[in-house]
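Written out below as structure tokens is the structure these notes cover.
The values are calculated or read from the model by the stated rules, or taken from the named source; none is laboratory data. The structure displayed is predicted, hence computed values, not measured ones. So basically every Cβ, Gly included, is an ideal-geometry build from the backbone, and we count neighbours across all protein chains shown.
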């Protein structure tokens, strides 16, 4: 199916359940493969994999587990990788605070969400207390 101009088309979907620390490694490996397929530069591959690793770890640690869904994406002539992490954990009560550099829930260094956001081109965070969190990131090839 052809997307309308400006819409995102996706292919090569990879899904990884995240329920144990070994799954964080699997998610990181799946994202690296997608980044290579999208022909991201080595620097951009490293940025995306680092962000994905942090978000996968957060999915496990704070969300109690969940899933990662990665895919190759195209918007008009741009190509890249979209990765979505979702959980049904407690949610994030204060999104602005959670995205503040240096803020920590007490269990981390406070670099996770804000650091991941800086490493990618697009970052979308949707969270509802008591229902869970969905974070979607995109890194575009240059």
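Of note:
- Output for the range 114-124, where each listed residue is at pLDDT below 95 and either under 10 Å from the mean Cα position of the chain (by Cα) or in a loop (DSSP other than H, G, I, E, B) (or both): 116, 117
- Screening residue 14 with (1) surrounded by 17 or more Cβ atoms within 10 Å (Cβ to Cβ); (2) modelled with pLDDT of 95 or more gives one miss only, at (2).
- Some residue of the range 17-25 being surrounded by fewer than 19 Cβ atoms within 10 Å (Cβ to Cβ), assigned to a strand (DSSP E or B) and modelled with pLDDT under 95: no
- Residue tally, condition part of a helix (DSSP H, G or I), touching a residue at least 24 places away in the same chain (Cβ under 8 Å) and in contact with a strand residue (DSSP E or B) (Cβ under 8 Å, 6 or more places away or on another chain), over the range 32-75: 13
- Check on residue 33, in contact with a helix residue (DSSP H, G or I) (Cβ under 8 Å, 6 or more places away or on another chain) and at pLDDT 95 or above: no
- Considering 78, 2, the condition of being in contact with a strand residue (DSSP E or B) (Cβ under 8 Å, 6 or more places away or on another chain), over 20 Å from residue 141 (Cβ atoms), at pLDDT below 95 and surrounded by fewer than 17 Cβ atoms within 10 Å (Cβ to Cβ) is satisfied by 2 alone.
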